[in-house]
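What follows is a short report on a single structure.
The values are calculated or read from the model by the stated rules, or taken from the named source; none is laboratory data. Note that the coordinates shown come from a computational prediction; the quantities given were computed from them, not determined experimentally. Every residue, glycine as well, gets a Cβ built from its backbone with ideal geometry; the counts of neighbours run over all protein chains shown. Protein only, heavy atoms only, side chains kept; ligands, DNA and RNA dropped before computing areas. Shrake-Rupley method; radii C 1.70, N 1.55, O 1.52, S 1.80 Å.
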Amino acid sequence: MSAPRPRTTRVLATTALVCAAVTVPAGCGVEPSDVIDAGAPASGVQAPGRPETGVQLFFYGPAGLRSATRPAKAPADPQAALDLLLGGPDHAERQRGLSSALPELSGPLRARTGPGRVDIGLPVPPRKLDTAALSQLVCTAANADVPGGHPPSSVRVTLTGSGSRVGPMLCGGDTALPVVQPSTVPPRP
């Protein structure tokens, strides 16, 4: 029968086993590698607590209207965001299945802003645009840097062109919706 080992011997033996278990896998034949370029960074869901950085553009995918965030050094005003939108989806966005419903416009569009509102002047009558194209314009403008600090869902967007007017409209997440004004007709007794 052997004498019991002192406590310090057991602690040292246990520590040696733990160190061996930690360091042995490091030498298991896995070679270090260089950084591998895998394309554009992920986009979509923003990490909680981080401010939105980038320009939100709205395109169409298999499941309807979708936002695509492009990196930017500073927030973009509605004119800058709409100019990017008119350029269509970039390569990474096309790879995600996104496309534009906007027709080729015969001239530039102009965005004027005020607190909580955007007025878009088009080179065509806005009534000639389908719901998909209107939704892209309205949601892209509403999600840009609009004066007044209003949330995008409450920014009123009006489109005008060639004597025609559509709006005001709101971005309802996956489509543009007309602003419904309360009725001024008193109820019948």
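Quick check: is even one residue across segment 134-148 crowded, with 20+ Cβ neighbours inside 10 Å and farther than 21 Å from Gly54 by Cα?
Yes, some residue in segment 134-148 is crowded, with 20+ Cβ neighbours inside 10 Å and farther than 21 Å from Gly54 by Cα.
Could you tell me whether segment 158-167 includes any residue that is basic (Lys, Arg), at pLDDT 90 or above and open to solvent by 90 Å² or more (accessible area, probe 1.4 Å)?
no
Can you pull out every residue in segment 51-73 that is free of Cβ contacts under 8 Å to residues at least 40 places away in the same chain and of a type in the set (A, V, I, L, M, F, W, C)?
Residues satisfying the conditions are Ala63, Ala68, Ala72.
So for segment 124-139 (the condition being more than 20 Å from Gly173 (Cα to Cα) and acidic (Asp, Glu)), does at least one residue qualify?
Checking segment 124-139: not a single residue is more than 20 Å from Gly173 (Cα to Cα) and acidic (Asp, Glu).
For the condition out of contact with any Cys (no Cβ under 9 Å at 6 or more places or on another chain), of a type outside the set (S, T, N, Q), surrounded by 15 or more Cβ atoms within 10 Å (Cβ to Cβ) and under 17 Å from Gly163 (Cβ atoms), what is the one hit in Pro126, Pro89?
Pro126
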